[in-house]
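Right, one structure below, let's go through it.
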Amino acid sequence: ELKVEQNPLFLSMQEGKNYTIYCNYSTTSDRLYWYRQDPGKSLESLFVLLSNGAVKQEGRLMASLDTKARLSTLHITAAVHDLSATYFCAVESKGGTYKYIFGTGTRLKVLA
Amino acid sequence: NAGVTQTPKFQVLKTGQSMTLQCAQDMNHNSMYWYRQDPGMGLRLIYYSASEGTTDKGEVPNGYNVSRLNKREFSLRLESAAPSQTSVYFCASSEAKVANEKLFFGSGTQLSVL
């Protein structure tokens, strides 16, 4: 059964610093998603990664996928306070099932 | 566009009471989902419906039932609520069958079982 793990669970960082969030999953999958959740709010999609080596970037966030290592990273460049949120990765359980399993989330706090 | 609409937004139940959470989407999506979110646990899949007419168990289905009423609506029922079911519940939908489909989430239902 698919397991999705994220680390770290909590991250407190200074503005202007760089950091990476890791998402590991236990079974083969070619689809990985990143979502953002602000406190008390719902989730919104950030990135969809569909193949090995896929890289997507928007603003200070960059996501990549290594399907052979079953690893995705979300890299934060020169963090700003507005990036404070919880970030989740999600993986499709098996191709064509449309069953999405989420990681535990990484709660990011960017200090001014 | 309304997107994914969940009702109610808040609910307090006593142990043993039953209730149904409603979810509707207006995006003509094929797949619909129910997740629960608990502190430190991320989102856990309760049930999902990959297409109209089908439903399947997720990671934590015990104590819940679902109905895919039609393409738009997917309800979650708690037959006999327990304190362990206190959580925030999210409904989501996706178009599925397209390369870059993603989940669209409702605003959530905060449920407390006393």
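Size of the dipole of chain A about the Cα centre, Lys and Arg at +1 and Asp and Glu at -1 on the beta carbon, nothing else charged, in debye to 20?
On the way: 13 positive and 10 negative charges, 26 e Å.
Once rounded to the nearest 20, the dipole reads 120 debye.
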#### Entry: For the stretch A:61-72, Karplus couplings with θ = phi - 60° (6.51, -1.76, 1.60), whole Hz, Gly/Pro x
10, 9, 10, 9, 9, 10, 6, 6, 8, 6, 9, 10
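So how much slack lies between B:E73 and B:Q22, counting 0.36 nm per residue of separation and subtracting their Cα-Cα distance, in nm?
Numbers: separation 51, 0.36 × 51 = 18.36 nm, distance 0.75 nm.
Value of the extension gain: 17.6 nm.
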### Query
Could you give the longest part of chain A that holds none of the GluC sites (Glu not before Pro) found in DSSP loops with at most 13 neighbouring Cβ atoms within 10 Å?
A:16-112
### Message
With the cut-off at 23 Å, tell me which of the pairs B:K71/B:K102; A:K99/B:K9; A:K3/A:K94; A:K56/B:K9; A:K17/B:K102; A:K94/B:K9 have Cα atoms farther apart than that.
### Response
A:K99/B:K9; A:K56/B:K9; A:K17/B:K102; A:K94/B:K9
### Task
Could you calculate the FRET efficiency of A:L9 with B:V12 from 1/(1 + (r/R0)^6), where r is the beta carbon distance between them and R0 is 30 Å, rounded to 0.05?
0.55
### Task
Sort the stretch A:34-101 into rounded, prolate or oblate with this rule: let a ≥ b ≥ c be the square roots of the eigenvalues of the Cα gyration tensor; rounded if a/c is under 1.5, and if a/c is not under 1.5, prolate when a/b is larger than b/c, oblate otherwise.
oblate
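Quick check: residue separation of A:A69 and A:Q57 times 0.36 nm, minus the Cα distance between them. What number comes out in nm? Don't skip to the answer; put the middle values down first.
Values: separation 12, 0.36 × 12 = 4.32 nm, distance 2.05 nm.
Extra length available between A:A69 and A:Q57 comes to 2.3 nm.
Every number in this text was worked out from the coordinates using simple rules, so none of it is lab data. Bear in mind the structure is a predicted one, so any value in this text is a computation, not a measurement. Every residue, glycine as well, gets a Cβ built from its backbone with ideal geometry; the counts of neighbours run over all protein chains shown.
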